[in-house]
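Structure first, commentary second.
The values are calculated or read from the model by the stated rules, or taken from the named source; none is laboratory data. Bear in mind that the values here come from a model prediction, so they are computed numbers and not experimental data. We place every Cβ from the backbone using ideal geometry, glycine too, and count neighbours over all the protein chains shown.
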Amino acid sequence: MTKSEIRNPKRLPAMHNLRVLIYTIALDRPEQEFYRHMAKILVSSLLRTYFTGDILAIHNGAAPLFLVERKGVQELMLPGGEVDGYKLKYQARRWIEAGRYDWVCFLDCDMITLRNIDHLFDPGSECDILWQPEGRMRQAPYNAYFHPEEHPRLWRNGANSGTWAVRGAAYQSMMAEWERIDGSEPVAAKHSHDQPAWNRVLFDTRLRARRFEKEEIRFPLLCDHDYMQWRQAALLHANGPPNEAKLEFLMAQYLGRFAGQPAGLMLTLLDP
């Protein structure tokens, strides 16, 4: 046990023996660094809340996100040029040894963990896929690969394609199927890049899928506007607004959660 753990015993999460990999993607346009900063906030928040698995950050920055090496964190720096970040979600399988893990999880970089998330990967052996509900399945961002006659069979909520986990043994085949569907002709106009194909994958798979634990992942800038509710979540996803607003929100949450206690000390440092 480290000195930090001895000083803060109440902050330690319940440990499990599952092997989990979380990866995120941060591809910025030239002269921009929005996603880079978001990814750093996400990875740092995972570490500060004692996530016990491995982390892979895939980005196109000219320098590492962290100048000092972090245990369990690997950075994959892509060369310059046009890369489709949406397709990279499933194409990243070329760099991932999924067989080493019980779960492989993808998180969009515009997220932050407010407390430990190890428990999200403890649904039991009856589950192969974890997915996160977002809007309504009847909406265009989710059903572009469904024929009209299939609509009555659809579940109520569409699945967000920026927050999911797949058993390590099934990861490669799931990603290959996602790529196959995403490269096919949609039934209706696509209004959300890779997300409609992800919903088709979930609908067709014979694997056992269930939702992440209820209310543990929230969308405070999209639909979960009640602060007193989303502040209790384990993960916040800042999807919806422009990047400037996302980064401002995530930075505010990061400083408030990890650097704002006690509040008087931070205020004194910022404004002596």
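If I filter the stretch 112-125 for residues that are in contact (Cβ under 8 Å) with a residue 24 or more places away in the chain, in contact with a Ser or Thr (Cβ under 6 Å, 6 or more places away or on another chain), within 30 Å of Arg48 (Cα to Cα) and surrounded by 22 or more Cβ atoms within 10 Å (Cβ to Cβ), do I get at least one hit?
Within the stretch 112-125, one or more residues are in contact (Cβ under 8 Å) with a residue 24 or more places away in the chain, in contact with a Ser or Thr (Cβ under 6 Å, 6 or more places away or on another chain), within 30 Å of Arg48 (Cα to Cα) and surrounded by 22 or more Cβ atoms within 10 Å (Cβ to Cβ).
Per-residue answers, yes or no, for (1) part of a strand (DSSP E or B); (2) of a type in the set (A, V, I, L, M, F, W, C); (3) under 11 Å from the mean Cα position of the chain (by Cα); (4) closer than 16 Å to Lys214 by Cα:
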site	(1), (2), (3), (4)
Val83	no, yes, no, no
Tyr86	no, no, no, no
Lys89	no, no, yes, no
Ala92	no, yes, no, no
Cys105	yes, yes, yes, no
Pro123	no, no, no, yes
Leu130	yes, yes, no, yes
Pro133	yes, no, no, yes
Looking only at the stretch 45-81, filter to residues that are buried (at least 16 other Cβ atoms within 10 Å of the Cβ) and polar (S, T, N, Q); which one of those is nearest to the chain's Cα centre (by Cα)? Ser45
So which of Leu207, Leu202 ends up being in contact with a strand residue (DSSP E or B) (Cβ under 9 Å, 6 or more places away or on another chain) and part of a loop (DSSP other than H, G, I, E, B)? Leu207
Mind checking which residues of the stretch 241-262 are loosely packed, with under 14 Cβ neighbours inside 10 Å and within 28 Å of Asp118 (Cβ to Cβ)? Ala252, Leu255, Ala259, Gln261, Pro262
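Yes/no per residue for (1) modelled with pLDDT of 95 or more; (2) touching a strand residue (DSSP E or B) at 6+ places or on another chain (Cβ under 9 Å); (3) within 19 Å of Leu255 (Cα to Cα); (4) not hydrophobic (A, V, I, L, M, F, W, C):
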| site | (1), (2), (3), (4) |
| --- | --- |
| Leu12 | no, no, no, no |
| Leu18 | no, yes, no, no |
| Pro30 | no, no, no, yes |
| His37 | yes, yes, yes, yes |
